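Throughout, read-outs are computed from the coordinates displayed, never taken from laboratory work. Here the structure is a predicted model, which means the values were calculated and not measured. Glycine also receives a Cβ, built like all others from the backbone with ideal geometry; neighbour counts cover every protein chain displayed.
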Amino acid sequence: MQLINKTVIISGDSKKCQGNFKNRIDFKAIKKRLKDGNKRYVKDKPLQPNQSKERRECTEKNNQKPFAIVLSCADSRVPPELIFDTGIGDLFVWRVAGNIADTYNIVNIEFTIKVLKCQ
């Protein structure tokens, strides 16, 4: 299985959780991070990053600042957090039957960008 979800790449870097999130758009780095995670998933060698108790507590206290928004199919067999080997707070996932980016879904993604302070 290769990259099968449509991604809307936004901003940020949630690798570390220190309450001071970066809001920097680096599309090449974000795309590479997603592709690298997908390669690990395909090879069945996930790192499962950012899934510790410390990470959960940190994102609870400091809010979430995902590095990407993923518009994904609602199919339960393709959870983006797993196929991109990411952790808590790394992705904001918008799941829709058929990956349809209609006006309703785009408005909700735009709202998410505004609320999460993504650029």
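List the aspartates and glutamates whose Cα lies under 16 Å from the Cα of K31, skipping any in the same chain that are fewer than 8 positions away.
Within the straight-line limit of under 16 Å, K31 reaches these aspartates and glutamates: D13, E81, D85, D90.
Students often check this: by mean Cβ neighbours within 10 Å, which of 86-96, 27-37 ranks highest, and how do the rest follow? Please report the intermediate quantities before stating the final value.
Numbers: 86-96: 21.1, 27-37: 15.5.
My ranking of the peptides, most packed first, is 86-96, 27-37.
A 20 angstrom limit on the alpha carbon distance is what I want to check against. Which of K39/K65; K35/K114; K28/K65; K53/K114 exceed it?
Numbers: K39/K65 24 Å; K35/K114 26 Å; K28/K65 18 Å; K53/K114 27 Å.
As for pairs spanning more than 20 Å Cα to Cα, those are K39/K65; K35/K114; K53/K114.
Within 10 Å of each residue's Cβ, count the other Cβ atoms and sort K61, K39 from fewest upward.
Details: K61 9, K39 14.
Lowest count first: K61, K39.
Can you list residues from other chains, or at least 5 along the same chain, whose modelled amide H is less than 5 Å from the amide H of S72?
Those lying under 5 Å, H to H, from S72 are W94, R95, V96.
Search the structure for amide H atoms under 5 Å from the amide H of A101, placed 1.01 Å from N in the peptide plane, and list their residues when 5 or more places away or on another chain.
none
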